[in-house]
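Data block below; observations after.
What follows is calculated from the coordinates using simple rules that are stated; it is not laboratory data. Here the structure is a predicted model, which means the values were calculated and not measured. Backbone-built Cβ (ideal geometry, glycine too); neighbour counts: all protein chains shown.
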Amino acid sequence: MPEDVRKLVDDYDTCEHFAGEEPYDADRRHEIEVAVAQFCTPAPARLAKLMQQYRNEAHVSQWLRQYARQADLQPAG
């Protein structure tokens, strides 16, 4: 897979990790909020951009669609 696709997957894995964490105090809550903003919030737009960028590369395009379904990640737009 292209590097930008692998980076999306790595970042979304980090998103999923932080989204499932318990905010046991104010500092941890802040850390989780920052991570969600960094890794979760931009993911749908990044996915949409990559799907557009690789729309003519069947293998990558198909892989992105399958990953999106499996990760329950919807492209923005």
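Phi angles of segment 26-42 translate, via the Karplus equation with coefficients 6.51, -1.76, 1.60 and θ = phi - 60°, into HN-Hα couplings of 4, 5, 5, 4, 5, 4, 5, 4, 5, 5, 4, 5, 7, 9, 8, 4, x Hz per residue; Gly and Pro are given as x.
Among the chymotrypsin sites (Phe, Trp or Tyr not before Pro) in segment 1-45, those located in a DSSP loop and surrounded by at most 14 other Cβ atoms within 10 Å of their own Cβ are 24. A dipole drawn for the chain from +1 and -1 charges on Cβ atoms has a positive end, and of 32, 50, 71 the residue lying farthest that way is 50.
What the phi angles of segment 12-17 give under the Karplus curve with 6.51, -1.76 and 1.60, with θ = phi - 60°, is a coupling list of 6, 4, 5, 4, 4, 4 Hz, glycine and proline written as x. Its DSSP H runs of at least 4 residues, each contributing -39,500 (n - 2.57), put the calculated 222 nm mean residue ellipticity of the chain at -21500 deg cm²/dmol, to the nearest 500. Taking the longest Cα principal axis of the chain as reference, the axis of helix 58-71 is set at about 30 degrees.
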